[in-house]
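Here's the structure, in structure tokens; my notes come after.
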Amino acid sequence: MADNTTPTSFQAAAYSAQGTARDSIALPGDLFDGTINLPVMHQAVKAFLANQRQGNAKTKIRKYVVGGNQKPWKQKGTGRARQGSTRAPHWVGGGTVFGPIPRSYAQYVPRQVRALARKSALNARARENAIYVIDRFDYDAPKTARLQALVERLGVADNKVLILTDGSKPNVFLSGRNLPAVHVMPYGDVSTYHLLWSDVVLIESTAIGHEMTPLAEAPWDGGEGREGRAKRPAPAKKASAKKAAAPKKPAAKKAAKKSSRGGAKKAAKKAAKRSSPNAARKKRK
């Protein structure tokens, strides 16, 4: 059912690219007018999911199954039912009747209907205060830790986050590609499915026609990412209490102990040989 309740204006929280809070801004009224049409959104999402299907399922009818060119037995005289081929549908290994064949599942939705569904999804997120405006995404290199730090600072790390950039920005896309709950795409390519999939939508300010001067912030220093961890000094290894308490023995004492042990072993072997009965017999002879 369509809901055309029009609020005075939608306000969205604004942040910098590093998550610093800024003054809230008014969303454009021509797009965010409060219109929510559920049947149109359902049609758009159903068509989107259907268009993702490849339709490759296929089974073979009896003329495509290998074998079965000869009668399994003669027509009369065997007492069994007459059969013409072992590849008939009622035989094990035979052809399939009315099985699936490759087909297209594509559904066409008119352009104006798609636009209305997308507009309805944006209004639904605006009513939930789930739209945040970012002044500018300007990444000089892909950095997943930087985008993860922004999501955590906004307090939406546990939600599904959709980031809409002003045009194609490969560095921002590569920064969010490895985050399972973050999806980055251009604002012009967003669909109703992606908007309804997300819990929070981050929109670059220039994408909705709102110019925001970036704040003068210190450049991102790596945070808690790989570079930030590399800057930390390595912790010193703790010696065990037993090793620290036990004093080291001089090398000379160790050598003397080894030599005394070896001498005692040799003397014991000689005494055993002398006391053996074989040695006494040899002496008598």
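Bear in mind that the values in this text are calculations on the coordinates, not laboratory data. Remember, it's a predicted structure, so these values are computed and weren't measured experimentally. Virtual Cβ from ideal backbone geometry, glycine too; neighbours counted across all protein chains shown.
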Quiz prompt | Order of ARG177, ARG153 - criterion: other Cβ atoms within 10 Å of each residue's Cβ, fewest first | solution = ARG177, ARG153
Quiz item: If you put +1 on each Lys and Arg Cβ and -1 on each Asp and Glu Cβ, how big is the dipole of segment 81-170 around its Cα centre, in Debye rounded to 20?
Solution: 520
Self-check item: Of PRO214, ILE134, GLY167, farthest towards positive along the dipole that unit charges on Lys, Arg, Asp, Glu beta carbons give segment 113-230
Solution: GLY167
Exercise. Quick one: compute the contact order of segment 1-90, relative version, from alpha carbon pairs under 8 angstrom and 6+ residues apart, as a percent.
Key: 21
Quiz item: So how do GLU128, GLU211 line up by other beta-carbon neighbours within 10 Å, fewest first?
Solution: GLU211, GLU128
Quiz item: Which of GLY93, ALA44, ALA117 sits farthest toward the positive end of the charge dipole of segment 8-120, with +1 on the Cβ of Lys and Arg and -1 on the Cβ of Asp and Glu?
Solution: GLY93
Quiz item: At each listed q (0.13, 0.22, 0.23 Å⁻¹), what is the log10 of I(q)/I(0) that the Debye formula gives for segment 16-66 modelled as equal alpha-carbon point scatterers?
Solution: -0.71, -0.90, -0.92
Quiz item: Expressed in whole Å with the largest first, what are the equivalent ellipsoid semi-axes of segment 44-142 derived from the C-alpha gyration tensor as the square root of 5 times each eigenvalue?
Solution: 60, 16, 11
Self-check item: Fewest-first ranking of LYS119, LYS58, using other Cβ atoms within 10 Å as the exposure measure
Solution: LYS58, LYS119
Quiz item: Once you charge only the Cβ atoms, +1 for Lys and Arg and -1 for Asp and Glu, what is the size of the charge dipole of segment 30-136 about its Cα centre, to the nearest 20 debye?
Solution: 1220
Self-check item: For segment 1-97, average projected area of the Cα convex hull in nm²
Solution: 14.3
Quiz prompt | Inverse mean reciprocal Cα-Cα distance (Kirkwood Rh) of segment 91-221, Å | solution = 17.1
Quiz item: Given R₀ = 25 Å, FRET efficiency for TYR64-SER104 by Cβ-Cβ distance, to 0.05?
Solution: 0.75
Practice problem: Compute from the Cα atoms of segment 114-190 the Rg and the Dmax, the latter being the longest Cα-Cα distance, and quote both in angstrom. | Solution: 12.8, 36
